[in-house]
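Asks: Here you go, one structure.
The values are calculated or read from the model by the stated rules, or taken from the named source; none is laboratory data. Since the structure is predicted, the reported quantities are computational estimates derived from the model, not experimental observations. Note that each Cβ is placed from the backbone with ideal geometry, even for glycine, and that neighbours are counted across all protein chains shown. We work out accessible area using only protein heavy atoms, side chains counted, and drop any ligands, DNA or RNA first. Shrake-Rupley method; radii C 1.70, N 1.55, O 1.52, S 1.80 Å.
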Amino acid sequence: MKKLLIFLAVAMGFSTPLGASDPSGTSALRSLMTGDDSRGWEAVGRLNMSGESFCTGAMIADNLVLTAGHCLFDKETGRRYEPGEIEFLAGWRNGRASAYRGVRRAIVHPDFDFSGINKTTRVAHDLALLELDQPIRTTSVTPFETDVRPRKGAEVGVVSYAHDRSESPALQEMCHVLARQSGTLVLSCDVDYGSSGAPIFVYENGKARIVSVVSAKAFVRDVPVSLGTSLERPLADLMAILEESDGVFTRVTPTAQRITPQGKRSNGGAKFLRP
């Protein structure tokens, strides 16, 4: 934990309160409750885990969903959810989805340790790839392309579900990359419980590309930030495992341990939370 506190305090280089350094153009969340609002975002969906919890996921192919690795574990017991316990609801909004799919295979990055103490390493590898039991091939659901990690100060956006918006997602069109280091992005995006795995986008020529997924939220000097996993190397690793596994479910067996918020708030420290 001490390493993460130093990372957040030093890597962002704050000599004044975070609010003074945070870009002023960050936009508010906008609910995607209507068909017009959600058009183009239908490939973002809710992931239901054994009827116990949910996360956010996004399609990067007609049969592949990207999310956070920790979403595949029961936060109370550390038990790994089986693929058959996971359901993807593409474009879930007001009790209906554009498509409903089960999961055939679920692959967590091999370097992700759900019970690990090193939070920086855990966030950097907090990525999972889900292969759906059937592709989603409808004109209303278009998978997203991915891109390299954005530079510090870059404008990004996020689409996510959360505990207080479980029936429809919300879009934050503009937040910012505050720092990046060791495969982790520190962002000003507004996330909450249920936002885990939510896609973080850059926009180019009106097109959204995924550059990260939400791993956690934290507080720096009592100001909320979000932490995201850079995609480049971890996603390539997952794709290689998917190709090599040839239909065999790749299992990662964690040490069962309940994950709880770590640390205490202080003037220069961070409180690490799981969204």
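Asks: Would you confirm, using the coordinates I've provided, whether G197 is within 15 Å of the chain's Cα centre (by Cα) and crowded, with 22+ Cβ neighbours inside 10 Å?
Replies: Yes; evaluated as a whole, the condition is true for this residue.
Asks: May I ask you to verify whether G116 is open to solvent by less than 20 Å² (accessible area, probe 1.4 Å), closer than 30 Å to Q181 by Cα and touching a residue at least 12 places away in the same chain (Cβ under 8 Å)?
Replies: no
Asks: Residues in the stretch 88-120 that are farther than 20 Å from L32 by Cβ, outside any loop (DSSP other than H, G, I, E, B) and not basic (K, R): how many?
Replies: 6
Asks: Only residues that are in a helix (DSSP H, G or I), of a type in the set (D, E, K, R) and at pLDDT 50 or above: list them for the stretch 1-53, please.
Replies: D36, D37, listed by residue number.
Asks: Considering only the stretch 200-221, how many residues are open to solvent by 10 Å² or more (accessible area, probe 1.4 Å) and aromatic (F, W, Y)?
Replies: Result for the stretch 200-221: 2.
Asks: Follow-up. Name the single residue, out of those in the stretch 73-87 being in contact with a strand residue (DSSP E or B) (Cβ under 8 Å, 6 or more places away or on another chain) and either β-branched (V, I, T) or assigned to a strand (DSSP E or B) (or both), that is surrounded by the fewest Cβ atoms within 10 Å (Cβ to Cβ).
Replies: Selected residue: R80.
Asks: Out of all the residues in the stretch 121-144, which are among the β-branched types (V, I, T), open to solvent by 50 Å² or more (accessible area, probe 1.4 Å) and in a loop (DSSP other than H, G, I, E, B)?
Replies: So the first thing to find is which residues in the stretch 121-144 are among the β-branched types (V, I, T), and the list is 121, 123, 136, 138-139, 141-142.
Subset that is open to solvent by 50 Å² or more (accessible area, probe 1.4 Å): 121, 138-139, 142.
Matches in the stretch 121-144: T138, T139, T142.
Asks: Could I ask something else about it? Scan the stretch 30-54 for residues that are in contact with a Lys or Arg (Cβ under 8 Å, 6 or more places away or on another chain) and surrounded by 15 or more Cβ atoms within 10 Å (Cβ to Cβ) and jot them down.
Replies: Of everything in the stretch 30-54, those that are in contact with a Lys or Arg (Cβ under 8 Å, 6 or more places away or on another chain) and surrounded by 15 or more Cβ atoms within 10 Å (Cβ to Cβ) turn out to be L32, M33, D37, S38, S53, F54.
Asks: Moving to a separate point now. (1) assigned to a strand (DSSP E or B); (2) open to solvent by 10 Å² or more (accessible area, probe 1.4 Å); (3) at pLDDT 90 or above: which one isn't true of P224, the others all being true?
Replies: Every listed condition holds for P224 apart from (3).
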